[in-house]
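The values are calculated or read from the model by the stated rules, or taken from the named source; none is laboratory data. Bear in mind that the values here come from a model prediction, so they are computed numbers and not experimental data. In this analysis, Cβ positions are derived from the backbone assuming ideal geometry, glycine residues included, and neighbour counts consider all displayed protein chains. Remember, those area values only see protein heavy atoms, side chains included, never the ligands or the DNA or RNA. Shrake-Rupley method; radii C 1.70, N 1.55, O 1.52, S 1.80 Å.
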Amino acid sequence: MQSPDPGRIHAALASATLAAFREAVIHLPVDVLKVIGNAARAETNPVAKAEFANILHNIKIAGERGVPLCQDTGVPVVYLTIPSEVPFTRGLYDAVAEGVRRATEEIPLRPNVVDPLTRHNSGDNNGAGMPAIHVRPGKKFTVTVLPKGAGAENMSRTAMLLPSQKDQIEKFVIETVYLAGSRPCPPIIIGVGIGGTFDGAAALAKEALLEPVDRMTDFEQSLLCAVNKLGIGPMGLGGDITALAVKVKTAGCHTASLPVAVNIQCWANRHATVEVRL
C-alpha cells in the first residue's frame with residue numbers, strides 16, 4: 001500500500017490534535033461524568049454535597065459556553081497510534097506541535113509550558129520535550145490527548161519498593177493521597193503504575209488515567225475504599241468521597257525491584273481521542 005502524502009498527514013494530524021484538545025478541555029468523557037454523578041448522589045456530608053453541586057454546575061456551564069472546564073488547561077500529553085501504512089517520521093511530532101500551537105491560540109489553552117530553569121514561557125505550549133508524545137502501533141491512526149494540570153501532577157509520587165514490600169503498595173497510595181490533601185482539587189482519580197522501571201512505572205500510572213473509570217477490579221476497588229476512609233472529601237472540606245476511582249496498570253519488572261508510581265488527577269479527568277482521517 002502506498003504511503004499517504006506527508007503534507008496530507010501533517011495537515012490531518014494537526015487538525016485532529018486541535019480537535020482532540022478542544023473536546024478534552026471542554027467536555028468530560030461519559031465514564032468520568034458517570035462516576036461524578038454517582039459520587040454526588042452517594043455523598044452524605046452537606047458541605048461536600050454542595051461542592052459536588054458546584055462541580056456539576058461547572059461542567060454544565062463549560063459545555064453550554066464552549067469554554068475550558070478549568071483555567072489550568074494543563075501541559076500537552078499526547079498518545080499516537082500509528083498503522084503500518086503511515087510512516088513514522090519526525091513530521092508526526094511536528095504536526096502534533098502545530099496542533100498544540102493552534103489549540104493554544106484558538107480554544108484557547110493557557111500557555112503553561114516554561115523552561116524548567118529560566119522559567120521562560122514559550123507562549124504556545126511547545127518547548128523542549130513538549131508536547132510529551134508517546135507512540136505505539138495500532139490498527140487506526142488516532143491521537144489521544146491528556147491535558148495534565150499542575151495541581152494534581154505536583155502531588156504525584158514514585159517509589160522503588162523491594163519485592164518483599166508488595167503489601168506496602170496500598171500504604172504508599174494512601175500516604176500519597178493523604179500528603180496531597182486538598183491541593184489536587186479532590187475528588188480525585190488515581191492512576192497507579194506497578195512494575196516496569198523507575199520511569200516506566202510513572203508512565204503506566206499516567207496511562208492508567210485513560211482507562212474507563214466506571215469499572216474497577218477488586219484490587220482497584222479495595223484501594224479506592226481505603227483512600228476514601230481518609231475523609232478528605234471534595235476540595236478538602238471533608239466528606240465521604242475523596243477519590244472517584246483508582247485505576248492500575250502493571251508491567252514486568254526486575255526480580256530485585258518493585259517500582260510503584262501514583263499519578264493523581266483532579267475530578268476533571270480530561271482526555272479525548274480523535275481518529276486522523278487521511
(request) Could you list the trypsin sites (Lys or Arg not before Pro) in the range 172-229 that lie in coil according to DSSP, counting only those with at most 16 other Cβ atoms within 10 Å of their Cβ? (result) 215, 229
(request) Go through 26, 174 and list them by solvent-accessible area, largest first, probe radius 1.4 Å. (result) 174, 26
(request) Please grab the % of Cα pairs in the range 225-278 that end up more than 12 Å from each other. (result) 76 percent
(request) Quote the charge dipole size of the range 61-178 about the Cα centre in Debye, to the nearest 20; the model charges only the Cβ of Lys and Arg (+1) and of Asp and Glu (-1). (result) 240 debye
(request) Using only Cα atoms, find the angle between the long axis of helix 218-228 and the longest principal axis of the chain, and express it within 0 to 90 degrees, rounded to the nearest 10. (result) 60 degrees
(message) In Å and on Cα atoms, what radius of gyration and Dmax does the range 56-129 show?
(response) 15.2, 44
(request) Please report the relative contact order for the chain, taking Cα pairs under 8 Å with a sequence separation of at least 6, and give it as a percent rounded to a whole number. (result) 28 percent
(message) If I ignore ligands, DNA and RNA and count only protein heavy atoms, how much of residue 23 is accessible to a 1.4 Å probe, in Å² to the nearest 10?
(response) 80 Å²
(message) Can you tell me the mean projection area, over all orientations, of the convex hull of the chain's alpha carbons? Units nm², please.
(response) 15.6 nm²
(request) With 10 Å bins from zero, work out the P(r) of the range 102-229 over every alpha carbon pair and list the percent per bin. (result) 9, 34, 35, 19, 3, 0
(request) Go ahead and set up a Gaussian network model of the chain, Cα springs under 10 Å, then flag whichever of 208, 14, 256 fluctuates most. (result) 256
(message) Can you tell me which of 56, 244, 69 moves the most in a GNM of the chain? Springs connect C-alpha atoms under 10 Å apart.
(response) 56
(message) Report for the chain the percent antiparallel among DSSP-assigned beta bridges with both residues inside it, nearest 5.
(response) 60 percent
(request) List the relative contact order of the range 120-278 as a percent without decimals, with contacts defined as Cα pairs under 8 Å and 6+ residues apart. (result) 37 percent
(message) Running a GNM on the chain with Cα contacts under 10 Å, which residue among 165, 265, 221 ends up with the highest mean-square fluctuation?
(response) 165
(request) Rounded to the nearest 10 degrees, what's the angle between the helix 6-26 long axis and the longest principal axis of the chain, both from Cα atoms, 0 to 90? (result) 30 degrees
(request) Report, in debye and to the nearest 20, how large the dipole of the chain comes out about its Cα centre when Lys and Arg carry +1 and Asp and Glu carry -1 on their Cβ. (result) 100 debye
(request) Rounded to the nearest 500, what is the 222 nm mean residue ellipticity of the chain from helices alone, with -39500 (n - 2.57) per DSSP H run of 4+ residues and division by all residues? (result) -12500 deg cm²/dmol
(message) If you average the alpha carbon positions of the range 65-97 and of the range 165-231, how far apart do those two centres end up, in angstrom?
(response) 25 Å
(message) Could you work out how much longer the chain between residue 150 and residue 47 gets when fully extended? Use 0.36 nm per residue separation minus the Cα distance between them, nm to one decimal.
(response) 34.5 nm
(request) First obtain the Kirkwood hydrodynamic radius of the range 18-73 from its Cα pairs, then insert it into the Stokes-Einstein equation at 20 °C and 1.002 mPa s, and state the resulting D in µm² per second as a whole number. (result) 178 µm²/s
(message) Output needed: Cys residues of the chain lacking any neighbouring Cys C-beta below 4.7 Å, sorted by number.
(response) 70, 225, 253
(request) Tell me the label-point distance for the pair residue 199, residue 61, using the 7 Å Cα-to-Cβ offset, in nm and rounded to one decimal. (result) 4.1 nm
(request) Over 23 Å between C-alpha atoms is what I'm after, so list which of 166/247; 34/229; 60/206; 148/247; 34/247 land there. (result) 60/206
(request) Place a label point 7 angstrom from the Cα of residue 182 along the Cα-to-Cβ direction, then list the residues of the range 50-69 whose backbone nitrogen is under 17 Å away. (result) 50-55
(message) Probe radius 1.4 Å, ligands and nucleic acids left out: which of 255, 118, 144, 197 has the largest accessible area, and how do the rest follow?
(response) 255, 118, 197, 144
(request) Please give the FRET efficiency for residue 88 paired with residue 119, using the beta carbon to beta carbon distance and R0 = 25 Å, rounded to the nearest 0.05. (result) 0.15
(request) Note down, for the range 97-143, the three equivalent ellipsoid semi-axes (square root of 5 times each alpha carbon gyration tensor eigenvalue), biggest first, whole angstrom. (result) 24, 15, 6
(message) Rounding to the nearest 10 and keeping the result within 0 to 90°, find how far the Cα-based axis of helix 46-65 lies from the longest principal axis of the chain.
(response) 10 degrees
